[in-house]
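First the structure, which I've put down as structure tokens, then a few questions once you've had a look.
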Amino acid sequence: MSGRPRFVDTNVLVYAALEDDPRSDPARALLSTAVIFSVQALNEFVSAARKLRRKWIEIEEALAFLKTICPAPTPLTISTHRLALDIAQRFGYHMFDALMIAAALEASAETLYSEDMQDGQKIGKLTIRNPFRKSVR
């Protein structure tokens, strides 16, 4: 690895918090390495946790843990927004996925781990990888 950061999408954070899901262990393993994420991922995590009927105290505890993994999440700025608009138009991503990609690019990430995007796609120096995809041998 080149030393550039690895960026994780919200789905990695959500699966790491689940108990009985086959994606939980790979998500936890990924979070045990040096990763970063955006403020958007924290917001989306809260939304997903509420849909899963998690109590606020549980959500706060999970957020506190996530902030120990990544004490300075990548912010969303007007620059991020502009870059995301370009990505959405050029690559056909929905705006929230484009925002995640833009944040990863602005963080100079090498890899963006996401289940929701095109595995193997390169956007600039960023490669999108699905950490839950089973290898074909």
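Do we have residue 50 as closer than 23 Å to residue 103 by Cα, without any contact (Cβ under 8 Å) to a residue 24 or more places away in the chain and among the basic types (Lys, Arg) here?
So residue 50 does not fit the description; no.
Could you check the range 98-108 and list, in sequence order, the residues that are over 18 Å from residue 33 (Cα atoms) and in contact (Cβ under 8 Å) with a residue 60 or more places away in the chain?
99, 100, 103
Something else: Test residue 69 against the criterion of being modelled with pLDDT of 95 or more, among the hydrophobic types (A, V, I, L, M, F, W, C) and either more than 13 Å from residue 13 (Cβ to Cβ) or out of contact with any Cys (no Cβ under 9 Å at 6 or more places or on another chain) (or both), and give yes or no.
No, not satisfied.
Follow-up question, since we're still on this one. Among the aromatic types (Phe, Trp, Tyr) and either under 23 Å from residue 15 (Cβ atoms) or within 15 Å of the chain's Cα centre (by Cα) (or both), is that true of residue 91?
No.
This table checks each residue for (1) under 20 Å from residue 3 (Cα atoms); (2) over 14 Å from the mean Cα position of the chain (by Cα); (3) free of Cβ contacts under 8 Å to residues at least 60 places away in the same chain.
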residue	(1), (2), (3)
57	no, yes, yes
77	no, yes, yes
84	no, yes, yes
110	yes, no, no
129	yes, no, yes
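In the set 117, 95, which member is free of Cβ contacts under 8 Å to residues at least 40 places away in the same chain and among the aliphatic types (A, V, I, L, M)?
When all the criteria are applied, what remains is 95.
Quick one: is residue 41 of a type outside the set (Ser, Thr, Tyr), at pLDDT 95 or above and either touching a Pro at 6+ places or on another chain (Cβ under 9 Å) or more than 12 Å from residue 100 (Cα to Cα) (or both)?
The answer is yes for residue 41.
Inspect the range 10-27 for any residue being hydrophobic (A, V, I, L, M, F, W, C), surrounded by fewer than 12 Cβ atoms within 10 Å (Cβ to Cβ) and either at pLDDT 95 or above or in a loop (DSSP other than H, G, I, E, B) (or both) and give the result as yes or no.
no
Would you call residue 79 touching a helix residue (DSSP H, G or I) at 6+ places or on another chain (Cβ under 9 Å), small (Gly, Ala, Ser) and surrounded by fewer than 18 Cβ atoms within 10 Å (Cβ to Cβ)?
For residue 79, the condition - touching a helix residue (DSSP H, G or I) at 6+ places or on another chain (Cβ under 9 Å), small (Gly, Ala, Ser) and surrounded by fewer than 18 Cβ atoms within 10 Å (Cβ to Cβ) - is met.
Within the range 58-74, how many residues are in a loop (DSSP other than H, G, I, E, B) and surrounded by 13 or more Cβ atoms within 10 Å (Cβ to Cβ)?
Adding up the residues that qualify gives 2.
While we're here: For the range 55-104, which residues satisfy the criterion of being of a type outside the set (Gly, Ala, Ser) and over 26 Å from residue 17 (Cβ atoms)?
77, 78, 81, 82, 83, 85, 86, 87, 89, 90, 91
Against the definition (buried (at least 18 other Cβ atoms within 10 Å of the Cβ), at pLDDT 95 or above and more than 15 Å from the chain's Cα centre (by Cα)), how does residue 101 come out, yes or no?
Answer is no for this residue.
The values are calculated or read from the model by the stated rules, or taken from the named source; none is laboratory data. Treat the numbers as computed from the prediction; the structure is a model and nothing was measured. When we count neighbours, we look across all protein chains shown, and the Cβ atoms used for this are built from the backbone with ideal geometry, even at glycine.
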